[in-house]
1. Can you pull out every residue in the range 1-29 that is in contact with a helix residue (DSSP H, G or I) (Cβ under 9 Å, 6 or more places away or on another chain) and modelled with pLDDT of 80 or more?
2. Which residues, counting only those in the range 30-46, are modelled with pLDDT under 90 and outside any strand (DSSP E or B)?
């Protein structure tokens, strides 16, 4: 038996991407992971619902 080189469950999460979206109400940046798009999200600052599918990539 060999010792795993990473945590159990690592395989199911290794391809996740992180996304940041500004709250439409207060402009606070909120983060979610790519496996959470189908869930309801609320702003961590003001509690307003955020639809991450409506977020746009910002360019500098």
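1. Passing the criteria: 17, 18, 19, 21, 24.
2. Within the range 30-46, 34, 35, 36, 37, 38, 39, 40 meet the criteria.
The values are calculated or read from the model by the stated rules, or taken from the named source; none is laboratory data. Computed from a predicted model, the values in this text were never measured in an experiment. No Cβ is skipped: glycine too gets one built from the backbone with ideal geometry, and neighbour counts run over all protein chains shown.
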